[in-house]
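The values are calculated or read from the model by the stated rules, or taken from the named source; none is laboratory data. Values in this document were obtained by computation on a predicted structure and should not be read as measured data. All Cβ positions, glycine included, derive from the backbone under ideal geometry; neighbour counts span all protein chains shown. Calculation scope for accessible area: heavy atoms of the full protein, side chains included, ligands and nucleic acids excluded. Shrake-Rupley method; radii C 1.70, N 1.55, O 1.52, S 1.80 Å.
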Amino acid sequence: MKYKFGDKLRTMREKKKITLKEVAERAGVSESLISQIERNKVSPAIDTLLQIVEILGIDLEYLFQDFKKNRNVTLVHQSQRNRIVQGGVTYEQLVQTPESDSEHGIEAYLMTIAAGASSGSPEYGHIGKEMGVIISGTGNFSIGSQTFALQAGDSISFDSGIPHQLKNTGDNELKAFWVITPPKNLKF
């Protein structure tokens, strides 16, 4: 995504009655570059941008105030959730951030684990971090050589590089809200 702020620079320059040539000379760049920046044709180097901002007396917060307002938003309606069933566990993908391929991506699931079934593996882990909240039911969470009894309302977070498994030990379904980063990208 390319953020466009050239219009603001041009508006402020014109309000202050400063020419392209004057800004260019004071910033130590070409008049053509200033024109291209104002027309959103090129993005300036940060030091050049800071010089232009200083010359025009613009507050950086003003220049970037719209930046955070125009972010990607992912909305998943309940009826549109991706679902997959694997070995007695239903995974409903609640959301996956747009940067799902990066180390900062997040993936969230609603897991429903049938009585006696389990999610994860006692033999292997994967890169990342996880956290979960038990919504209903009871289970045991094993990680490495440790086991924790979990019930509705309990939450847990851990390094998912360690082998881990959540097993439903109750007679009813275990429901949990689960977040993983970076995403595992289950195949739905």
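Taking Cα atoms, how many degrees apart are the long axis of helix 6-15 and the longest axis of the chain, rounded to 10 and kept between 0 and 90?
The two axes meet at around 40 degrees.
If each of SER32 and ASN140 carries a label point 7 Å out from its Cα toward its Cβ, how far apart are those two points in nm?
Output for this residue pair reads 7.3 nm.
Take every Cα pair under 8 Å in the chain that's 6+ residues apart, average their separations, divide by the length, and report that relative contact order as a whole percent.
About 19 percent, as a whole number.
Shape of segment 79-165 from its Cα gyration tensor (a ≥ b ≥ c, root eigenvalues): rounded if a/c is under 1.5, otherwise prolate when a/b > b/c, or oblate?
Oblate, because a/c is 1.5 or more while a/b does not exceed b/c.
Filter LYS41/LYS187; LYS41/LYS129; LYS15/LYS41 down to the pairs with a C-alpha to C-alpha distance above 32 Å, please.
LYS41/LYS187; LYS41/LYS129
For VAL133, what accessible surface area do you get with a 1.4 Å probe? Give it in Å², rounded to 10.
50 Å²
Once fully extended, how much extra length lies between LEU186 and THR11, figured as 0.36 nm per residue of separation less the alpha-carbon to alpha-carbon distance?
Full extension from LEU186 to THR11 adds 58.2 nm.
Could you order MET12, MET131, MET111 by accessible surface area, starting with the largest, using a probe radius of 1.4 Å?
From most exposed to least exposed: MET131, MET12, MET111.
Roughly what would the spin-label model give for GLN65 and PHE177, points 7 Å off Cα along C-beta, in nm?
So the label points at GLN65 and PHE177 sit 3.4 nm apart.
From a point 7 Å beyond the Cα of GLU92 in the direction of its Cβ, which residues of segment 122-143 have a backbone N at a distance under 18 Å?
Inside the label zone: 132-138.
Can you give the accessible area of ARG83, probe radius 1.4 Å, in Å² rounded to 10?
Around 120 Å² of this residue is reachable by solvent.
Please work out the average accessible area per residue across the chain, using the 1.4 Å probe convention, and give it in Å². Provide the component values of the computation, followed by the final result.
Working: 11340 Å² over 188 residues.
For the chain, the per-residue accessible area is 60 Å².
Could you tell me what percent of the accessible area of the chain is made up of carbon and sulfur, with a 1.4 Å probe and every protein chain present?
Whole-percent figure for carbon plus sulfur exposure: 49.
Can you send over the solvent-accessible area of HIS104, 1.4 Å probe, protein chains only, in Å² to the nearest 10?
Number for this one is 130 Å².
Hey, got the dipole for the chain? About the Cα centre, +1 on K and R Cβ, -1 on D and E Cβ, debye to the nearest 20?
Magnitude of the dipole: close to 800 debye.
With Rg and the Kirkwood Rh both taken from Cα atoms, where does Rg over Rh land for the chain? Please list the in-between numbers first.
Details: Rg = 25.8 Å, Rh = 20.3 Å.
Rg/Rh: 1.27.
Using 0.36 nm per residue, how much length does the chain from ARG83 to VAL42 gain when fully extended, once their Cα-Cα distance is taken away?
Value of the extension gain: 10.5 nm.
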